[in-house]
Amino acid sequence: MAIVEIKVPDIGDFSEVAVIELLVKPGDTVKAEQSLITVESDKASMEIPSSHAGVVKELKVKLGDKVKEGSVVLMLEAAGEAAAPAAAPSVPPAPAASAPAPVAAAPAAAPALASEPVARISSPVAVPAHEPTAPAGKLPHASPSVRKFARELGVPLAEVKGTGHKGRITDEDVKNFTKAVMSGGARTQAMGTAPAGGGTGAGLDLLPWPKVDFAKFGEVERKELSRIKKISGANLHRNWVMIPHVTHNENADVTELEALRIQLNKENEKAGIKFTMLAFVIKACVAALQKFPEFNASLDGDALIYKKYFHIGFAADTPNGLVVPVLKDADRKGIVQISQELAEMSKKARDGKLTPAEMTGGCFSISSLGGIGGRYFTPIVNAPEVAILGLTKTFMEPVWDGKAFVPRLTLPMSLSYDHRVIDGATAARFAAYLSQVLGDFRRVLL
């Protein structure tokens with residue numbers, strides 16, 4: 001038996017995260033990839049798994065500690081010399097999650113899936129979920145059970161006044177805060193006036209969620225939402241409520257582009273490279289983002305942050321829900337490399353092996369229903385991005401060429417955007433330019 005150090009693996013772009021739950025104690029027997037602690041950043045909560053199986057000898061962290069990649073979590077008496085490879089946190093944030101989200105209607109990430117704290121959107125709380133236990137300076141004084149209760153309700157502990165011993169927050173404090181928010185009377189003293197892009201989404205004064213005993217009407221079955229759906233649902237709820245959405249619909253003639261895609265697939269069949277329409281759309285979107293930089297920006301209070309890099313998120317369907325992997329530096333990559341990375345990241349998403357770093361940093365997201373059907377829809381903007389493109393299934397339609405109607409392959413596109421940043425005329429120009437690029441892909445070179 002060897003004593004090994006279990007360390008925090010790669011947790012993405014977060015320099016430090018707070019320990020909010022201890023899931024094991026000295027003497028416990030753990031399996032490889034079993035969760036040991038829960039940490040939380042200002043964007044997401046995630047569980048840190050064990051890279052080995054064995055018995056916990058000593059914990060090196062306590063509640064409230066800040067840890068980062070490489071920090072020692074505990075000392076473990078390993079059960080064998082063969083160790084499982086260090087796993088990424090089991091719950092990736094959304095871009096934003098990331099997320100994706102995405103999600104068919106919008107990647108949340110998501111989150112792009114995207115990556116926000118877990119909260120139940122079915123809760124009767126009248127505010128969108130947000131960072132319930134993210135420490136703002138000093139960690140709120142509360143037990144793990146109270147923190148879990150607050151996360152389920154979407155309650156920000158930093159804004160709850162504790163009535164317990166030495167200001168400790170109790171279950172009753174969380175309940176009273178929730179009641180106050182539902183009645184529209186809480187959080188005003190803590191919030192002040194929030195600038196554009198920095199609001200909390202509170203004070204909507206909505207009716208509480210209806211509570212119904214469905215079983216009295218017939219047979220029912222209850223299934224808990226997966227953590228990915230909880231995260232993406234909370235992100236989507238917040239984004240839909242806080243962002244003034246407008247959706248612009250446009251068609252693109254992809255007849256020649258589809259012929260090129262089929263030709264490339266035949267030529268590269270032996271090499272195992274599969275070209276999808278999404279790869280071409282990503283490259284076309286980069287060209288449009290370069291021409292219209294407002295779409296490659298994010299709100300920061302009363303300022304707009306223009307990004308000089310081009311990271312594109314795309315919705316990936318998985319057994320546990322939709323997530324939003326982010327393809328980095330798409331402007332520096334060709335169609336071949338983009339196609340290969342899309343295939344690799346999609347497989348990792350289906351297998352649940354995406355790391356947080358692979359789901360953060362997105363500038364613009366694409367949600368595609370092309371393999372299913374539909375004509376148009378309203379994708380939800382994946383905050384802090386300001387726009388998202390929705391794609392549906394291509395269809396043939398007759399188009400007048402000046403002499404006769406000819407069959408053309410048409411790709412329906414739905415562009416949702418944040419109206420605080422982008423006006424209708426700019427959105428129409430962006431969509432029209434994107435349609436032109438897809439209609440004549442040589443424009444990507446311009």
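It is to be established whether one or more residues within region 298-319 are of a type in the set (S, T, N, Q) and closer than 14 Å to Val286 by Cα.
Scanning region 298-319 turns up no residue that is of a type in the set (S, T, N, Q) and closer than 14 Å to Val286 by Cα.
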Inside region 6-23, the number of residues satisfying the requirement of being surrounded by fewer than 14 Cβ atoms within 10 Å (Cβ to Cβ) and at pLDDT 90 or above is 0
Here the residues within region 278-320 that are over 14 Å from Ile388 (Cα atoms), touching a Leu at 6+ places or on another chain (Cβ under 8 Å) and either at pLDDT below 95 or of a type in the set (Ser, Thr, Tyr) (or both) are Ala316
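Could you check region 221-264 and list, in sequence order, the residues that are closer than 17 Å to Val437 by Cβ, hydrophobic (A, V, I, L, M, F, W, C) and in a helix (DSSP H, G or I)?
Of everything in region 221-264, those that are closer than 17 Å to Val437 by Cβ, hydrophobic (A, V, I, L, M, F, W, C) and in a helix (DSSP H, G or I) turn out to be Leu257, Ala259, Leu260.
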Notebook entry, point to check: Looking at Ser414, is it under 22 Å from Arg332 (Cα atoms) and either modelled with pLDDT of 95 or more or buried (at least 18 other Cβ atoms within 10 Å of the Cβ) (or both)?
Noted result: no
Margin query: Please verify whether Lys333 is at negative phi, modelled with pLDDT of 95 or more, more than 13 Å from the chain's Cα centre (by Cα) and surrounded by fewer than 23 Cβ atoms within 10 Å (Cβ to Cβ), treating the condition exactly as stated.
Written below: yes
| request: Report whether or not Gly70 is part of a loop (DSSP other than H, G, I, E, B) and either modelled with pLDDT of 90 or more or surrounded by fewer than 21 Cβ atoms within 10 Å (Cβ to Cβ) (or both). | output: yes
Conditions (1) in a helix (DSSP H, G or I); (2) crowded, with 22+ Cβ neighbours inside 10 Å -> Ser367 fails only (1)
Tell me whether region 392-399 contains one or more residues that are touching a Phe, Trp or Tyr at 6+ places or on another chain (Cβ under 6 Å) and under 24 Å from His237 (Cα atoms). no
A careful count of residues in region 310-325 that are hydrophobic (A, V, I, L, M, F, W, C) and in a loop (DSSP other than H, G, I, E, B) gives 3
Practice problem: Evaluate the following for Ala202: is it at pLDDT below 80, crowded, with 16+ Cβ neighbours inside 10 Å and either out of contact with any strand residue (DSSP E or B) (no Cβ under 7 Å at 6 or more places or on another chain) or not in a loop (DSSP other than H, G, I, E, B) (or both)? | Solution: yes
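Let me confirm something: among Val212, Val174, which residue is at pLDDT 80 or above and assigned to a loop (DSSP other than H, G, I, E, B)?
When all the criteria are applied, what remains is Val212.
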Of Leu391, Leu438, Leu354, the only residue that is modelled with pLDDT under 95, assigned by TED's automatic domain parsing to the domain that holds Ala252 and farther than 16 Å from Phe295 by Cα is Leu354
Residue set Ala284, Ala316; condition crowded, with 20+ Cβ neighbours inside 10 Å, closer than 26 Å to Ala432 by Cβ, of a type in the set (Gly, Ala, Ser) and in the same structural domain as Cys363 (by TED's automatic domain parsing); output residue Ala284
Given (1) in contact with a Leu (Cβ under 9 Å, 6 or more places away or on another chain); (2) closer than 30 Å to Gly424 by Cβ; (3) of a type in the set (D, E, K, R), Glu385 misses just (1)
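The values are calculated or read from the model by the stated rules, or taken from the named source; none is laboratory data. Given the structure is predicted, the values throughout are model-derived calculations rather than measurements. Please note: Cβ atoms are built from the backbone with ideal geometry, for glycine as well, and neighbour counts cover all protein chains shown.
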